[in-house]
Amino acid sequence: MNKALLQTIKSLIETARASVVRQVDSTMTLTYFLIGRYIVEDEQQGEQRASYATQTLKYLSGELTKAFGRGYSEDNLGNMRRFYVAYRHRIVSTEEAPISEKLSRKLESPTETPFRLSWSHYVLLSRIQREEERDFYEIEAAQNNWGIKELQRQFNSSLYERLALSKDHDKVKELAAKGQLIEKPEDAIKSPYVLEFLGLKEEAAYSETDLEKAIINKLEHFMLELGKGFLFAGRQVRFTFDEEHYFVDLVFYNRLLQCFVLIDLKIGTLKHQDLGQMQMYVNYYDRFVKTENENKTIGIIICKEKNDAMVEITLPQNNEQIFASRYQLYLPSKQELQQQVLHISIKNDK
């Protein structure tokens, strides 16, 4: 019996099935976009738009459900309308090639689709009001293969705003155009880190060991929160120097930055001694662990509270290796973070 032949054929069939699913989903997404367009155009011709639109959706839903079954509720038809309004700039109409003709050609050849994600993704994305934020989440979901639950979680945790707060005006624009780029150590830092998935209560008493154990139990979630390129190397990693043993809470490696990333957890307010300890950890890894081909080690202290002035005066002026960032055990206020991003944007424009 040729098991290798069997495995080859099974792999081929599985690949073909996955391709068919992707093509079907892509075709339906384009179809929903076109349905949304026709609904919007019909509404624009109605004299009393609000009432006319409601009656139109109700009528369409009833007739389409009779003809095609589930999937054409009034709510879903409203989603199609919203999807078209949010993304109509993707396919520009011209006299030579009307939008309906362009979309028809794309329906015949779904590999040319302007939409990279599933319909469920676009239902969520089209509810995001700001175009730059919507584009960012679309890019990140496509690049990182986020399922709908992970996309929802990243949006709820205000990933866009948290990254934008650490960047200048031009870099914020880059987020919408290219997504998150990891080119230098500070690109990998978030503030705050949102750890609501750990299940720890903000007001409850817990130790640093409890925090560490909770992170290990939810390691996949924690690595998604850390961001791109992180590989787990170990917990309570011991090294010995001058006959004394030291333990790094969490050790990761970032393949994009090509360096070790050491993480120390502090449940209280950050002290200058904590920064000094992390500096020693980083120095040890740079001198005795990393290879010549790897970049300098990064140290991140994730703490409950920190004094920015103390951190700034403790670390070297040209610091590119040691970072301190807060964590919180609840989802941040999206409105508050949006106001902070807007404030910084206005300040940079002056």
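Quick notes on this structure:
- Of the residues making up region 230-252, those that are of a type outside the set (D, E, K, R) and crowded, with 16+ Cβ neighbours inside 10 Å are F230, V237, V248, L250, V251, F252.
- Qualifying residue in region 263-272 (condition: among the basic types (K, R), in contact (Cβ under 8 Å) with a residue 24 or more places away in the chain and in contact with a Cys (Cβ under 8 Å, 6 or more places away or on another chain)): yes
- Residue that is surrounded by the fewest Cβ atoms within 10 Å (Cβ to Cβ), among those in region 272-298 that are within 31 Å of the chain's Cα centre (by Cα) and closer than 18 Å to T314 by Cα: Q279
- Flag for E294 being in contact (Cβ under 8 Å) with a residue 12 or more places away in the chain, assigned by TED's automatic domain parsing to the domain that holds F222 and farther than 20 Å from E208 by Cβ: yes
- Residues in region 218-275 that are among the acidic types (D, E), in a strand (DSSP E or B) and closer than 24 Å to Q328 by Cβ: D249, D264.
- In the condition set (1) modelled with pLDDT under 95; (2) farther than 22 Å from H272 by Cα, P316 is compliant with all but (2).
- Residues in region 156-178 that are in contact with a Ser or Thr (Cβ under 9 Å, 6 or more places away or on another chain) and surrounded by fewer than 17 Cβ atoms within 10 Å (Cβ to Cβ): S166, H169.
- Within region 296-339, the set of residues being part of a helix (DSSP H, G or I), more than 23 Å from F247 (Cα to Cα) and not polar (S, T, N, Q) comprises D308, A309, M310, E312, I313, K334, E336, L337.
The values are calculated or read from the model by the stated rules, or taken from the named source; none is laboratory data. None of these values were measured; they are calculated from a predicted model. All Cβ positions, glycine included, derive from the backbone under ideal geometry; neighbour counts span all protein chains shown.
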